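One structure below.
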Amino acid sequence: MYSVPFNRPYVSGKEWEYVQDALAQGKLSSNGKYTKKCQHFFESKFGFGKTFLTHSCTQALEMAALLLNLGPEDEVILPSYAYVSTANAFALRGCQLIFADSRPDYPAIDETKIEDLISTRTRALVLVHYGGVACHMEPILELCKKYGLFLVEDAAAALDGYYLGKDGAALPLGSLGDFATFSFHETKNISCGEGGMLVVNNPAFLKEADLVWNRGTNRSEFEKGKSPSYEWVRLGSAFAPSEITAAWLWSQLESLALIQKKRAAVWNWYQMHLRRVLPYLSGQLPEIPLFAKHNFHTYYLVMDKNRDRDVLIDFLTSKGILSVFHYRCLHQSPYFKNKYLGKPLLQAEKYQERLLRLPVFADLDINLLEDRLLS
Ligand SMILES: *Cc1c(COP(=O)(O)O)cnc(C)c1O
């Protein structure tokens, strides 16, 4: 048994009240009061374009891939050190996946390695703001402009993270790409068990996004009285979650500031005290680049040697603390390795072997953690 689990979902206390209210509204299917409240919150607080709640970030990525109308002739550049869904959404459309390496100093895509991967068939660039830490957006946005690429920000874990532009302005992650995707899976800062959201910042896709979200039908127009019936007008799916999910999410959004404050205390404790309580620790603490204001989603170490990771996991387990690692490089995955024709991606492979994540959740008891580590 672990006395410090890796994650525990936050409970605001208002969840059941709002779910019951959703029932009282007489509408439990999608796009009712709570869906609208959540979407309005995201649009007004973070300046996102139009937002669409989904059942997962995976689905939001699938929506983006469908909307971009990509197919087997098209290439998509994305980091290898990423979650399966980041790639799967585009593989489902038959696109060619071109994997990029990570930066040496932190796990985001190395923006200096992207240009070499661009060909006449490249249509889109998909980024992951790893652990809620921004990619280096200025050079990336310039590349997209120069080569006419669509930009998708996989901001799954990056809600309330920011990119600090040259002029010092804090730009919310998810507001910079043509599309951005978020996750409300229980392991993320804000959660409703399973959930997600597509952000459409490029107005050219707004109308189509609404059709895709509504199972490929013009149901929205019908509901507004603008169409006599509703029918199948394009490819789409049942991407919109029920009001039960949205009501739960709303209770969390109301607590966003508090959740972030609590997570910051845990993250900052590690950063200030880990070397004191573990004086023999081999490995690097996270380095947040100057252009990023992160969201306290992930605390990770990058060990000096591969085998140091197992040693530390065993040590932490003996103290009742669960630590975990991720991602397996996508270019070396069982599904993709025989299709991969690119170069070795040495930084991505380094993080695959040496990165270890420590527990971060809002109600983590720092005193208990310190006691366990010093015991
Ligand atoms: C969590 C995560 C996902 C998947 O989100 P789901 O909501 O579980 O589908 C995708 N990409 C990244 C970078 C993630 O961290």
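The values are calculated or read from the model by the stated rules, or taken from the named source; none is laboratory data. Computed from a prediction, not measured in an experiment: that's the story for all the values here. For neighbour counting, all protein chains shown are included, and Cβ atoms are generated from backbone atoms with ideal geometry for every residue, glycine included. For the accessible areas, the whole protein counts, side chains as well, though only heavy atoms, and no ligand, DNA or RNA atoms are used. Shrake-Rupley method; radii C 1.70, N 1.55, O 1.52, S 1.80 Å.
With charges set only on the Cβ (+1 for Lys and Arg, -1 for Asp and Glu), what does the dipole of segment 219-263 come to about its Cα centre, in debye to the nearest 20? Walk me through the numbers before you get to the answer.
Values: 7 positive and 5 negative charges, 62 e Å.
Here segment 219-263 has a charge dipole of around 300 debye.
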Quick one: how many Å² of residue 27 are accessible to a 1.4 Å probe, rounded to 10?
-> 80 Å²
Equivalent ellipsoid, segment 1-119 (semi-axes from 5 times Cα gyration tensor eigenvalues, Å) | 35, 22, 14
Tell me, what is the percent relative contact order of segment 1-136, built from C-alpha pairs under 8 Å that lie six or more residues apart?
-> 18 percent
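Mind jotting down a quarter of the surface of the convex hull over the alpha carbons of segment 146-249, in square nanometres, one decimal?
Working: hull surface 35.8 nm².
Taking the Cα atoms of segment 146-249, their convex hull projects to 8.9 nm² on average.
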Pairs from 113/337; 33/207; 293/337 whose Cα-Cα separation, in the structure shown, is over 28 Å = 293/337
With no solvent term and unit scatterers on the alpha-carbon positions of the chain, Debye gives log₁₀ I(q)/I(0) at q = 0.12 Å⁻¹ of -0.93
What nm value, rounded to one decimal, do you get for the distance between residue 235 and residue 353 when each label is placed 7 Å out toward the C-beta?
-> 3.9 nm
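Before anything else, pin down the relative contact order of the chain: Cα pairs under 8 Å, at least 6 apart, normalised by residue count, whole percent.
It rounds to 24 percent for the chain.
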Which of 84, 49, 31 sits farthest toward the positive end of the charge dipole of segment 1-107, with +1 on the Cβ of Lys and Arg and -1 on the Cβ of Asp and Glu?
-> 31
In segment 300-375, which chymotrypsin sites (Phe, Trp or Tyr not before Pro) fall in coil by DSSP and have 13 or fewer other Cβ atoms within 10 Å?
-> 335
Please report, in debye to the nearest 20, how large the charge dipole of the chain is about its Cα centre when each Lys and Arg carries +1 at its beta carbon and each Asp and Glu carries -1 there.
-> 140 debye
Assigning unit charges at the beta carbon (Lys, Arg +1; Asp, Glu -1) and nothing else, what dipole magnitude in debye, to the nearest 20, does segment 259-375 show about its Cα centre?
-> 400 debye
Taking Cα centroids, how far is segment 242-297 from segment 171-229 in Å?
-> 26 Å
With every protein chain left in place, what is the accessible area of residue 215 in Å² (1.4 Å probe, nearest 10)?
-> 150 Å²
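Rounded to the nearest 500, what is the 222 nm mean residue ellipticity of the chain from helices alone, with -39500 (n - 2.57) per DSSP H run of 4+ residues and division by all residues? Mind dumping the intermediate values first?
Working: 12 runs with 131 residues, N = 375.
That comes out to -10500 deg cm²/dmol.
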Calculate one ³J(HN,Hα) per residue across segment 319-335 by plugging θ = phi - 60° into the Karplus curve 6.51 cos²θ - 1.76 cosθ + 1.60, and present them in order as whole Hz with x for glycine and proline.
-> 9, x, 10, 8, 10, 9, 10, 6, 8, 7, 4, 5, 6, 10, 5, x, 6
Of 134, 347, 313, farthest towards positive along the dipole that unit charges on Lys, Arg, Asp, Glu beta carbons give the chain | 313
Burial order of peptide ranges 133-139, 204-210, 19-25, 154-160 (average beta-carbon count within 10 Å, highest first) = 154-160, 133-139, 204-210, 19-25
Expressed per residue, the solvent accessible area of segment 39-182 in Å² (1.4 Å probe) is about 34 Å²
